Amino acid sequence: MWTWFYKLASPPYVYGVAAALTPWFFALAGLAIAYGTVAGLVFAPPDYQQGDAFRIIYVHAPAAWLSLFAYTTMAVAGGIGLIWRIKMGHAVAAATAPIGASFTLLALVTGSLWGRPMWGTYWAWDPRLTSELILLFLYVGVMSLRPAFEEPARGDRAAALLSIVGVVNVPIIHFSVVWWNSLHQGATVAKIGKSDMPASMLMPLLSMLLGFMLFYGAVLCIRVRGEVLNRERQATWVREAVKS
Amino acid sequence: MTGAFWSMGGYARYVWPCFGFAGAVLCWNLWSARAHLAAARIRAVRAMSMEAGENV
């Protein structure tokens, strides 16, 4: 197990694995997102209360879920870099931040557009919305903090610390609809568990969730390769990698 | 049928911008990741050529 773990610390290994995985992730993501979009927009029946407006769930819920997943990944990767001093941990954390931030923005914008016809307003200082907005600020903070130091290693450590401290916001976002009175509906996954959704609505949602995750994996692989090259450009193995 | 689909039961002005923005976010992610990798490659090549120049 530890051999595998330390293999992950090797930049050429990470670079090679990321390059090999990228086309597979993209192909599978394309299939899942194409199916989810067509099935969600065309074949899923309208909701009995929300009508066709409910179809926003097919982009909103996967984006919101991914915003939390990417942040947790960033904090864990930063923690690995901080505790075990594994440089690749910081590389993965740096690569994750802009992807997570973009999906957080997507969740906020689509949530706002969904809120207007359902709640009568684009924005409310609701616990779920506010904590998701704080998540976006945390992403922006982490991305701004890293290049603020002249020494890159110090920037990595500071960004890792901020992302670890900020991870407390992840359970707050998830449980905000349980802990406080909220305009926002309960957790979609819990609703799935109770089979509130018929299969014709649920399958496209699961497909979009999988597609967004695979897309995140693909984009993360490309960004990680860029981070590895930036950090290892003096290494001899980089010559071969850049030539190929 | 097609008209009903595009009108999304009267919610077209909320549903379509959501899907459009989602598409834009996916495209931006793809473009920016590729640009990030391309810039890193250029920096690596520049570093290599500078090193080669110093060794001559």
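General observations
- The residues of the range A:189-244 that are at pLDDT below 75, farther than 21 Å from A:Ile173 by Cα and assigned to a helix (DSSP H, G or I) amount to a single one, A:Lys243.
- Residue match in the range A:57-70 (condition: of a type in the set (Phe, Trp, Tyr), within 12 Å of chain B (Cβ to nearest Cβ), crowded, with 17+ Cβ neighbours inside 10 Å and touching a residue at least 40 places away in the same chain (Cβ under 8 Å)): yes
- In the range A:224-239, the residues that are facing another protein chain (nearest Cβ under 9 Å) and of a type in the set (Asp, Glu) reach residues that are surrounded by fewer than 23 Cβ atoms within 10 Å (Cβ to Cβ) and part of a helix (DSSP H, G or I) with C-beta atoms within less than 6 angstrom, at least six apart or across chains, in these pairs: A:Glu232/A:Pro11.
- Sub-9 Å Cβ pairs linking a first residue in the range B:31-49 that is at the interface with chain A (Cβ under 7 Å from one of its Cβ atoms) and surrounded by 12 or more Cβ atoms within 10 Å (Cβ to Cβ) to a second residue that is part of a helix (DSSP H, G or I) and acidic (Asp, Glu), at least 6 apart or interchain, are B:His36/A:Glu227; B:Ala40/A:Glu227, ordered by first then second residue.
- Residue selected from the range A:23-56 under the condition buried (at least 23 other Cβ atoms within 10 Å of the Cβ) and of a type in the set (Val, Ile, Thr), by the criterion farthest from A:Arg225 (Cα to Cα): A:Ile56
- Among residues of the range A:157-188 being in a helix (DSSP H, G or I) and farther than 27 Å from A:Ala93 by Cβ, the one that is modelled with the lowest pLDDT is A:Thr188.
- Considering residues of the range B:7-18 that are at the interface with another protein chain (Cβ under 7 Å from one of its Cβ atoms) and surrounded by fewer than 18 Cβ atoms within 10 Å (Cβ to Cβ) only, the residue farthest from A:Gln49 (Cα to Cα): B:Pro17
- Verdict on A:Ala29 being under 30 Å from A:Trp123 (Cα atoms), of a type outside the set (S, T, N, Q) and in contact (Cβ under 8 Å) with a residue 40 or more places away in the chain: no
- Look at (1) surrounded by fewer than 18 Cβ atoms within 10 Å (Cβ to Cβ); (2) more than 30 Å from A:Ser112 (Cβ to Cβ); (3) touching a helix residue (DSSP H, G or I) at 6+ places or on another chain (Cβ under 9 Å) and you find that A:Pro11 fails only one, number (1).
- Total residues in the range A:113-142, condition touching a residue at least 12 places away in the same chain (Cβ under 8 Å), over 18 Å from A:Pro171 (Cα atoms) and within 14 Å of chain B (Cβ to nearest Cβ): 6
- Count - residues of the range A:108-154 that are small (Gly, Ala, Ser) and under 21 Å from the mean Cα position of the chain (by Cα): 5
- Taking the listed residues A:Ala101, A:Ala95, A:Ala53, A:Ala32, the one that is assigned to a helix (DSSP H, G or I) and more than 11 Å from chain B (Cβ to nearest Cβ) is A:Ala32, with no other qualifying.
The values are calculated or read from the model by the stated rules, or taken from the named source; none is laboratory data. Small disclaimer: the values here were computed from a predicted structure and weren't measured. We place every Cβ from the backbone using ideal geometry, glycine too, and count neighbours over all the protein chains shown.
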